[in-house]
Amino acid sequence: MPLLIFFTLKATAFQFSLLVFLLALSGLDEFYRMALPSRRGEGRGAALAGALAVFSVFAADPFVQLMTLTLLVLAFSLLALFRLQDIRRSAADAALVLMGFLYVPLLLSHLIMIRMLPHGVPWLFLIMVIVMSGDSAAFYVGSSLGRTKLYPAVSPKKSVEGSLGGLAGSLLGAFVSRLLFFPELTPADCVAAALLLGVLGQLGDLFESLLKRSCGVKDSGTIFPGHGGILDRLDSILFAAPAAFYYAYFFLR
């Protein structure tokens, strides 16, 4: 997260996209390590191809982005067809490869799209503030007041009280952002953005927990000792970034 803050503040749009490329590459590599541990060679190739796809954003043409995603789907579907190993696993393995493209680079590329908006830098900071303030509030409220389990099958430690506290933290973060660096937001925008991004951020966290429990791992990776991997750090942002982009694009242009 500190690296993302630094590049948001100091980097050009293209330099920022290089960071997103590296995040997508690392995130996809972690995803394939979890989901396809026996197919490391194909996983590395798919991770590189999927991460490179984030640069299609610079075409500023949705058809180029759609074409890029289509080519990825066709190429790796054909790869699954002609590099057959265990036919009983082929459909599931191919689906996991394609899901990786949708989950990591497609969602993460919205950060670049946000950066290219007129108020792109404040929007990026707003996402981070809403997500981080929500995470912090959810942790402290859940630790002290949590009694009702939110979704024990996926994340046994999360509570309804912590989730509500997280939304309150996101609301506070949005209004603080309006005062400090984003005066273009109205109070209604603050409430809408906080609730939309706060809820989706929490759902992104739960979804990544679902993936890890399904794959039988505790953390997505080890790049941050004691804190997990790239996906563990970006799980909330992956879900929040697309919502932030479309809200900014359709309501605050």
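Okay, here's what the table says:
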quantity	calculated
Selection from Leu48, Leu107, Ile127, by position along the positive dipole direction of the chain (Cβ)	Leu48
Percent of Cα-Cα distances greater than 24 Å, calculated over segment 1-116	28
Selection from Ser214, Gln202, Thr186, by position along the positive dipole direction of segment 146-253 (Cβ)	Ser214
Relative contact order, percent, segment 124-200 [alpha-carbon distance under 8 Å, six or more residues apart]	35
MRE, 222 nm, helices only [DSSP H, n ≥ 4, -39500 (n - 2.57), over the chain, to nearest 500]	-25500 deg cm²/dmol
Fewest-first ranking of Leu117, Leu25, using other Cβ atoms within 10 Å as the exposure measure	Leu117, Leu25
Lys, Arg +1 and Asp, Glu -1 on Cβ, resulting dipole of segment 1-110 about Cα centre, debye, nearest 20	240
Three-way shape label, segment 107-253, alpha-carbon gyration tensor, a/c 1.5	oblate
Approximate shape of the chain as ellipsoid semi-axes (Cα gyration tensor, √5λ), whole Å, largest first	31, 24, 14
Semi-axis lengths (Å, descending) of the ellipsoid that matches the C-alpha gyration tensor of segment 36-90	26, 13, 6
Rounded if a/c under 1.5, otherwise prolate or oblate - segment 54-162, Cα gyration tensor axes	oblate
Per-residue Cβ neighbour rank within 10 angstrom, fewest leading, Ser17, Ser170	Ser17, Ser170
Cα-based reach from Lys212 at 20 Å (exclusive), listing lysines while leaving out same-chain residues under 8 positions away	Lys149, Lys157, Lys158
Segment 183-238, dipole about Cα centre (Lys/Arg Cβ +1, Asp/Glu Cβ -1), debye to the nearest 20	300
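Bear in mind these aren't lab numbers, they're just calculated from the coordinates by the rules spelled out. No experiment lies behind these values; they were computed from the predicted model shown. Cβ: placed from backbone, ideal geometry, glycine included. Neighbour counts: every protein chain shown.
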